[in-house]
Amino acid sequence: MQDKYSHQEVESAAQADWTARDAYRVTEDAARPKFYACSMLPYPSGKLHMGHVRNYTINDMLARQLRMRGYNVLMPMGWDAFGLPAENAAMKNKVPPAQWTYDNIAYMKKQMQAMGLAIDWSREVATCSPEYYKWNQWLFLKMLEKGIAYRKTQVVNWDPVDQTVLANEQVIDGKGWRTGAPVEKREIPGYYLKITDYAEELLGHVQTQLPGWPERVKLMQENWIGKSQGVRFAFPHDIRDASGALIGDGRMFVFTTRADTIMGVTFCAVAPEHPLAAHAATLDPAVAAFIEESKAGGTTEAELAVQEKKGVRTGLFVKHPFIEDPIEVWVGNYVLMSYGDGAVMGVPAHDERDFAFALKYDIPIRQVVQVDGEHYDYHHWHEWYGDKRNGVTVNSDTFSGLAYEEAVDAVAHALEERGLGGKKTTWRLRDWGVSRQRYWGTPIPIIHCEEHGAVPVPEKDLPVILPQDCIPDGSGNPLAKHEGFHAGVTCPVCGKAARRETDTMDTFVDSSWYFMRYCDPKNEQQMVGEGAAYWMPMDQYIGGIEHAILHLLYARFWTKVMRDLGLVKIDEPFTKLLTQGMVLNHIYFRKTDKGGIEYFWPHEVQDVHDAAGKVIGATLKSDGSAIEYGGVGTMSKSKNNGVDPQDLIEKYGADTARLYTMFAAPPEATLEWNDAAVEGSYRFLRRVWNFGVKLAGVDGAAANASIQGVAKLQQVSFGPAAKALRFEMHNVLRQIDYDYQRMQYNTVVSGAMKMINALESFKGEGVPGAEVAAIEGFGILLRVLYPATPHIADQLWKQLGYAGELGDLLDAPWPTVDESALVQDEIELMLQVNGKLRGSLRVPAGADKAAIEAAALASEDFVKFAAGATPKKVIVVPGRLVNVVV
């Protein structure tokens with residue numbers, strides 16, 4: 001056994017052994033309880049970051065510990081390999097996205113293997129492989145058959161220079177991120193999935209079937225689904241188109257949760273795409289110009305929430321449903337056609353957005369709700385204006401004097417009597433648009449025929465293969481110009497020449513079921529099979545909070561669709577969810593002469609501190625020039641504050657990287673990077689190795705006795721010091737057991753540190769049972785450390801002979817707490833004199849109060865600090881302390 005800890009030798013030896021034995025291959029086994037632990041699959045961007053290291057180490061600790069406890073544990077890995085970053089890299093590097101993607105996968109897989117993760121690589125999937133996305137296409141066709149998938153026009157961001165659709169995040173200040181051209185809104189056809197058909201079930205299951213999810217994630221899901229109960233009704237009108245026909249049959253519908261304020265309506269606003277807006281544009285050039293301007297705005301609710309609210313009068317009027325007053329119609333850039341009916345009623349007195357809009361455009365404000373003791377100010381918004389709980393209606397004709405619910409009921413009933421509307425439940429959730437006008441994604445399996453329109457590709461012709469030789473150039477989707485993609489395509493119905501659909505699927509499709517495919521990765525005949533029946537639902541899912549809404553929602557929806565199609569028998573895919581915290585590091589920068597920002601790596605700077613030691617700035621080590629300190633933020637390549645795991649592994653080893661990320665913070669909390677603490681983790685592992693070297697010369701018989709179980713140990717005669725060591729080790733083990741169960745791995749590591757402290761301070765010379773106690777204790781330490789630092793634990797376990805009795809550490813039995821070791825002959829109590837700590841006192845474990853008092857008064861510490869004073873009172877707190885009052 002080598003004297004000095006060499007992480008390179010230790011880790012290469014352990015990994016070579018695991019690889020040679022294919023140690024992590026997992027098969028279904030009905031004889032053992034199963035546990036499926038999975039981390040969210042990464043995008044193959046090129047390199048792992050410390051967030052990956054943390055995420056996967058959490059998963060690895062869980063998987064390894066449960067395997068030792070007898071579970072059949074699956075921990076797979078794959079690659080979320082389609083998406084826009086690959087196209088951007090292709091344009092920059094002039095290489096096909098496929099080449100860039102597969103090169104990155106190879107490198108990142110190598111990094112994962114260097115971390116020693118217990119991944120079953122036989123189940124690896126890449127979502128860009130035809131073997132995987134064939135099933136995206138197959139299920140899409142099944143959804144099309146069932147009416148879950150359908151085709152309609154959609155409003156998108158269009159870059160007129162690149163001739164391509166842009167994602168919302170690619171639109172910056174109304175311009176294309178690459179060309180700088182003003183972005184237009186265009187309506188183009190696309191495919192949607194009816195996730196709204198599952199809205200009620202998705203919402204209901206949040207509370208009934210997800211008890212192992214964080215409450216904040218469940219709340220985010222609920223808010224996104226957004227169930228609203230209100231009133232949908234129509235404003236009648238006599239607005240006719242050029243042919244004389246009533247637009248919308250003479251009714252403009254809106255939905256509101258505040259029907260109690262209906263008598264306060266002073267305007268209505270419609271989306272720029274609304275039929276009334278289109279009609280107004282033919283009558284007034286100013287309206288037409290405003291609609292064109294609005295095309296440069298956002299297409300999502302989130303974007304509209306932050307952009308400036310603008311509007312234009314249309315010159316059109318609808319009628320109030322009760323008093324038939326004319327209500328002016330505006331076009332508003334904040335109204336989305338895709339939400340509700342594309343129109344809203346404006347009640348500026350009791351809606352903050354409407355209030356600001358009314359002040360801006362001098363629209364009347366009519367108060368119709370009053371809260372006792374409050375005075376309405378028509379020039380400034382106050383929170384109580386929007387309060388529906390404490391107010392009553394005023395200035396509302398027959399509806400005056402009613403509380404919120406009474407008023408809503410009365411208004412809804414009156415609207416029903418007039419045939420104009422009534423109560424309705426609506427949802428914030430909208431159907432999922434899955435069409436993307438991009439290249440690097442799953443081809444939508446549709447063929448377009450002039451005679452028969454959009455025709456599904458026959459199942460026998462799946463997969464529709466995506467060409468891998470395209471290099472996007474920014475001039476639109478290269479699939480439209482790829483002859484091989486379109487060559488020989490005929491209509492499945494009539495056999496005439498046709499063309500393929502060039503849209504690809506949203507990459508959220510790929511990540512909505514990959515965890516199912518892990519269960520049956522090589523099944524060529526079925527999307528999922530017996531493997532999914534065995535492994536699903538997943539027992540523990542681990543990933544970032546940034547995926548708490550869309551990914552999880554789509555995965556839940558996809559699972560329910562698969563259930564309804566008879567592919568699986570579960571309602572929900574993930575039993576428990578852990579959202580790990582971000583890894584943070586310091587940010588340093590300065591502004592350039594041209595207004596940009598230049599970032600610097602932490603190792604390039606010297607901190608400047610104030611009198612309290614707080615960092616207030618920094619200087620460059622190279623030239624001493626001053627730069628700014630930006631605090632701590634999420635590690636990012638763009639901010640030069642990332643830490644390359646490969647550098648860390650080469651310098652300190654994978655075990656150090658793993659140990660540090662587990663010890664520095666609880667899994668759910670953010671982790672602030674600390675180079676000094678990384679070195680501390682490395683020193684700890686050296687201490688563990690050095691203690692192992694010390695034990696290497698201990699008698700083998702003693703080693704065997706210590707690892708053959710409680711029965712053997714109970715035959716050993718332990719001296720007081722050995723008993724004290726065993727008490728400490730088993731007492732800490734009990735806490736570590738609990739911490740593993742709740743996945744608080746930072747305290748697992750701190751418990752291991754307590755164990756090595758106890759072992760190092762143990763004075764065993766001449767103590768009966770000393771060798772047995774030390775080797776038993778170190779065997780416990782190696783097993784509790786193994787899930788966090790598998791390489792060093794594995795090598796010490798083998799080299800010290802533990803494997804000879806208990807087998808390989810991967811499947812060694814988890815240590816159990818020996819209750820007899822926790823039964824003490826003596827206990828230690830704190831000794832206080834007049835309430836001040838003056839020493840300690842050891843007494844028999846069964847000593848009564850009188851015996852403890854006598855021992856305290858006879859102790860050297862009491863005699864010293866009492867200085868001859870007569871004791872007035874002795875207070876005994878059982879198991880804790882003795883306080884002598886003099």
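The values are calculated or read from the model by the stated rules, or taken from the named source; none is laboratory data. Computed from a predicted structure; not experimentally measured. All Cβ positions, even for glycine, are placed from backbone atoms using ideal geometry, and neighbour counts span all protein chains on display.
A single entry from 36, 43 fulfils the requirement of being surrounded by fewer than 20 Cβ atoms within 10 Å (Cβ to Cβ) and under 30 Å from the mean Cα position of the chain (by Cα): 43. Taken over the range 94-136, residues that are under 25 Å from residue 506 (Cβ atoms), out of contact with any strand residue (DSSP E or B) (no Cβ under 7 Å at 6 or more places or on another chain) and part of a helix (DSSP H, G or I) amount to 15. For the range 149-199, taking the residues that are touching a Leu at 6+ places or on another chain (Cβ under 9 Å) and among the aliphatic types (A, V, I, L, M), the one that is modelled with the lowest pLDDT is identified as 167. Any residue at all in the range 562-584 that's surrounded by fewer than 17 Cβ atoms within 10 Å (Cβ to Cβ) and either touching a Lys or Arg at 6+ places or on another chain (Cβ under 6 Å) or on the phi > 0 side of the Ramachandran plot (or both)? So far as the range 562-584 goes, yes, one or more of its residues are surrounded by fewer than 17 Cβ atoms within 10 Å (Cβ to Cβ) and either touching a Lys or Arg at 6+ places or on another chain (Cβ under 6 Å) or on the phi > 0 side of the Ramachandran plot (or both).
Rundown of residues vs (1) among the hydrophobic types (A, V, I, L, M, F, W, C); (2) part of a helix (DSSP H, G or I), yes/no style:
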{"position": "764", "(1), (2)": "no, no"}
{"position": "767", "(1), (2)": "yes, no"}
{"position": "771", "(1), (2)": "no, yes"}
{"position": "777", "(1), (2)": "no, yes"}
{"position": "781", "(1), (2)": "yes, yes"}
{"position": "787", "(1), (2)": "no, no"}
{"position": "792", "(1), (2)": "yes, yes"}
{"position": "803", "(1), (2)": "yes, yes"}
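Look at (1) assigned by TED's automatic domain parsing to the domain that holds residue 420; (2) buried (at least 20 other Cβ atoms within 10 Å of the Cβ); (3) at pLDDT 95 or above and you find that residue 202 fails only one, number (1).
Residue 38 meets each of the listed conditions (1) at pLDDT 95 or above; (2) under 20 Å from residue 648 (Cβ atoms) apart from (2). Checked against (1) surrounded by fewer than 24 Cβ atoms within 10 Å (Cβ to Cβ); (2) closer than 29 Å to residue 524 by Cα; (3) free of Cβ contacts under 8 Å to residues at least 60 places away in the same chain; (4) not hydroxyl-bearing (Ser, Thr, Tyr), residue 135 meets all criteria but (3). Residues that are touching a residue at least 40 places away in the same chain (Cβ under 8 Å) number at least 1 in the following strands (runs of 3 or more DSSP E) confined to the range 539-630: 540-544, 577-580, 583-591, 597-600.
Here's the yes/no breakdown for (1) free of Cβ contacts under 8 Å to residues at least 12 places away in the same chain; (2) closer than 25 Å to residue 123 by Cα; (3) assigned to a helix (DSSP H, G or I); (4) out of contact with any Ser or Thr (no Cβ under 8 Å at 6 or more places or on another chain):
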{"residue": "454", "(1), (2), (3), (4)": "no, no, no, yes"}
{"residue": "464", "(1), (2), (3), (4)": "no, yes, no, yes"}
{"residue": "473", "(1), (2), (3), (4)": "no, no, no, yes"}
{"residue": "476", "(1), (2), (3), (4)": "no, no, no, no"}
{"residue": "480", "(1), (2), (3), (4)": "no, no, yes, no"}
{"residue": "484", "(1), (2), (3), (4)": "no, no, yes, yes"}
{"residue": "520", "(1), (2), (3), (4)": "no, yes, no, yes"}
{"residue": "525", "(1), (2), (3), (4)": "yes, yes, no, yes"}
{"residue": "528", "(1), (2), (3), (4)": "no, yes, no, yes"}
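Screening the range 58-106 for residues that are in contact (Cβ under 8 Å) with a residue 12 or more places away in the chain and basic (Lys, Arg) and picking the one that is surrounded by the fewest Cβ atoms within 10 Å (Cβ to Cβ) gives 94. Applying the criterion of being part of a loop (DSSP other than H, G, I, E, B) and among the hydrophobic types (A, V, I, L, M, F, W, C) to the residues of the range 844-882, the residue that is surrounded by the most Cβ atoms within 10 Å (Cβ to Cβ) is 847. Against the condition touching a residue at least 40 places away in the same chain (Cβ under 8 Å), of a type in the set (Asp, Glu) and assigned to a strand (DSSP E or B), how does residue 187 come out, does it pass? Taking the combined requirement at face value, the residue satisfies it.
Within the range 805-843, being part of a strand (DSSP E or B) and either of a type in the set (Val, Ile, Thr) or modelled with pLDDT under 90 (or both) holds for 826, 827, 828, 833, 842, 843. Is at least one residue of the range 637-645 modelled with pLDDT of 90 or more, surrounded by 15 or more Cβ atoms within 10 Å (Cβ to Cβ) and more than 25 Å from the chain's Cα centre (by Cα)? For the range 637-645, residues modelled with pLDDT of 90 or more, surrounded by 15 or more Cβ atoms within 10 Å (Cβ to Cβ) and more than 25 Å from the chain's Cα centre (by Cα): absent.
Only one of the listed residues (260, 249) is touching a residue at least 40 places away in the same chain (Cβ under 8 Å), in a helix (DSSP H, G or I) and assigned by TED's automatic domain parsing to the domain that holds residue 365. That residue is 260.
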